[in-house]
Every structure is written in C-alpha cells, then in structure tokens.
Amino acid sequence: MLLAIDISNTNIKFGLYHSATMQHRWVVSTVRQRTADEYAMVLGELLRHVGHSYENIDDIIMSSVVPPLTPVFQDMALRYCGKEALTISHDMDLGIGLQIDNPWELGTDRIVTSLAAYHLYGGPAIIIAFSTATTFDVVSAEGNFIGGAIAPGLVISAEALSSAASRLYRVDLTPPRSALGKNTAENMQSGIIYGHVGLVQGLIGRIRKEIPEADDLKVIAHGGLAQLMAPIIPEIQHVNQYLPLEGLRLAYTRLKK
C-alpha cells in the first residue's frame with residue numbers, strides 16, 4: 001500500500017492507497033514541536049484503527065511546505081516503516097511544466113494539487129485553496145502551471161481584525177443573514193466572509209482575462225474552508241478535498257515509471 005502525506009501549515013493529511021484507490025484518509029493538526037516518535041504514534045493508532053500496521057506500507061510519498069517537519073517525517077518513515085519517503089520537489093519530472101520565474105519558490109503542495117486538478121478536470125483551470133492563505137493556482141489547457149495569486153486566508157483576516165481593533169472580537173466564520181449586518185458580529189461576518197467572496201470573484205475575473213481559452217475555464221476549490229465558501233461563490237464548479245493526496249498518488253505513479 002502507498003502512504004501519501006501532505007504537510008501544510010494548518011493540517012497534515014494522510015492517504016492510504018491500494019493501487020489507485022484511496023482506502024483511508026486522515027487529517028491531524030500541524031504541530032511543529034512534535035517529534036518523529038510522536039507523529040509515529042499518531043499514525044500508528046490511525047492505522048491500527050482500520051486494521052493495518054506499518055508493515056502494510058510498501059512506499060511513502062510526501063509533500064511539505066513546513067520545512068522543520070520535512071526531516072521529522074523522513075525520519076519517521078525510515079525508522080518506523082523502513083522506507084525512504086519520496087519527497088516532492090520542484091525539479092522532479094511530474095508531467096506538469098512550471099512556467100513561472102522562480103520554480104523553486106513554488107510550494108510543492110501547489111504543484112501536486114495542480115497536477116491532480118488537471119488530470120481530473122482538465123484545463124485551463126483555477127485551483128483555489130481555502131486554508132491558512134487563500135491561494136489561486138492556474139493551469140493552462142496544456143497542463144502547465146502558469147502562475148497564481150496568494151491572499152490572506154479567512155482565519156488570518158478575522159484574527160487580524162479582532163486583534164488590531166480594541167472594540168472588536170472574534171466571531172464565528174459563518175455567513176450572516178445578509179450583507180447588511182444589523183449588529184457588530186454580523187458586520188464583521190459580512191466584511192470577512194462576503195468581503196472574501198468579493199476578493200475571490202475579483203481575482204477569478206482578472207485571471208480569466210489573462211489566460212487563453214478562458215471560455216472553457218474550470219474553477220476547483222479545496223482546503224479546510226472550501227465547504228464554507230463554495231456555496232456562496234457561484235464561479236466555483238467543483239470542490240475536492242482529496243486534491244493534494246490525489247496529486248501525490250499521480251506523482252508517485254509517474255516517478256516510479
């Protein structure tokens with residue numbers, strides 16, 4: 001079985017694959033202070049819960065945008081699974097061209113999600129990740145990564161607003177009754193959530209004008225807050241929380257060939 005690991009700033013996703021089929025998927029919080037042994041205990045319990053163990057893992061592939069945790073998981077893979085984790089980097093031949101100025105700056109999570117989105121939905125496409133940051137990744141009709149955008153995420157925006165203004169406080173990230181808020185909480189929810197909707201729609205519109213063959217543009221969302229935002233952004237056509245793990249599986253298949 002293949003274990004795919006996606007390490008992001010907020011969460012760590014594990015996907016356990018048999019051939020091309022995901023058998024199990026887990027999400028745990030990203031804790032930079034945890035050691036390889038601590039993460040091994042977490043993963044070991046998750047595997048045992050579904051009747052598996054480390055011995056069932058034939059190979060491991062991972063992407064990481066948290067540099068301190070990359071060697072932690074590489075160490076865990078070696079000591080507990082007896083496998084060297086295949087770690088995604090920008091210079092690997094994954095079947096997706098990186099047509100940008102500095103490919104080494106691009107997070108490997110954005111590479112694998114773009115790879116998965118193109119294989120699943122085709123191009124051109126905009127892939128929006130609603131996570132710590134809200135990122136926009138753009139794939140051409142030919143399957144090349146051609147650029148994107150990064151904006152502060154919803155949680156960052158909400159925390160910045162409540163911490164910088166002494167009379168404002170943290171509110172639940174749920175859409176208010178209307179854009180015209182009738183109390184402080186609804187005012188903040190409207191500004192944070194519907195303001196973010198405007199940001200997303202505005203960037204989709206601008207990007208659409210700058211890419212060829214935009215009439216067939218696909219818009220795909222993923223990330224922890226995608227389920228909140230997708231219903232109130234009509235431009236989003238698909239929500240797929242498995243994109244990072246599916247991209248890792250596709251990358252593994254290509255690299256092993």
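What the table shows:
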item: Anchor Lys218: lysines whose Cα lies under 17 Å away (excluding residues fewer than 8 positions away in-chain); result: Lys209
item: Lys/Arg +1, Asp/Glu -1 at C-beta; the chain dipole; positive extreme among Ile57, Ile232, Gly95; result: Ile232
item: Calculated P(r) tail over 33 Å for the chain, as whole % of Cα pairs; result: 25 percent
item: Estimated FRET transfer efficiency (Val28, His119; beta-carbon r; R0 35 Å; 0.05); result: 0.85
item: Estimated distance in nm for a label pair at Ile150 and Met92, the labels positioned 7 Å out from Cα along Cα-to-Cβ; result: 2.0 nm
item: Three-way shape call for region 103-248 based on the alpha-carbon gyration tensor, with the a/c threshold at 1.5; result: prolate
item: Global geometry of region 2-87, whether rounded, prolate or oblate, following the gyration tensor of its Cα atoms and the 1.5 cut on a/c; result: rounded
item: Spacing of the two label points (7 Å from each Cα toward its C-beta) at Val50 and Ala160, in nm; result: 3.7 nm
item: Anchor Lys83: lysines whose Cα lies under 22 Å away (excluding residues fewer than 8 positions away in-chain); result: Lys13, Lys256, Lys257
item: Net charge contributed by nearby residues that have their C-beta within less than 15 Å of Tyr194 (K/R +1, D/E -1); result: -1
item: Lys, Arg +1 and Asp, Glu -1 on Cβ, resulting dipole of the chain about Cα centre, debye, nearest 20; result: 620 debye
item: Per-residue [θ]222 nm for the chain (sum of -39500 (n - 2.57) over DSSP H runs n ≥ 4, rounded to 500); result: -10000 deg cm²/dmol
item: Accessible surface, per residue, of the chain when the full set of protein chains is kept, probe 1.4 Å, Å²; result: 48 Å²
item: Cα centre as origin, Lys/Arg/Asp/Glu Cβ charges: region 2-87 dipole, Debye; result: 220 debye
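The values are calculated or read from the model by the stated rules, or taken from the named source; none is laboratory data. As the structure is a computational prediction, the values presented were derived from the model and not from experiment. With ideal geometry, Cβ positions are generated from the backbone for all residues, glycine too; neighbour counts draw on all protein chains shown. Accessible surface areas use protein heavy atoms only, side chains included; no ligands, DNA or RNA. Shrake-Rupley method; radii C 1.70, N 1.55, O 1.52, S 1.80 Å.
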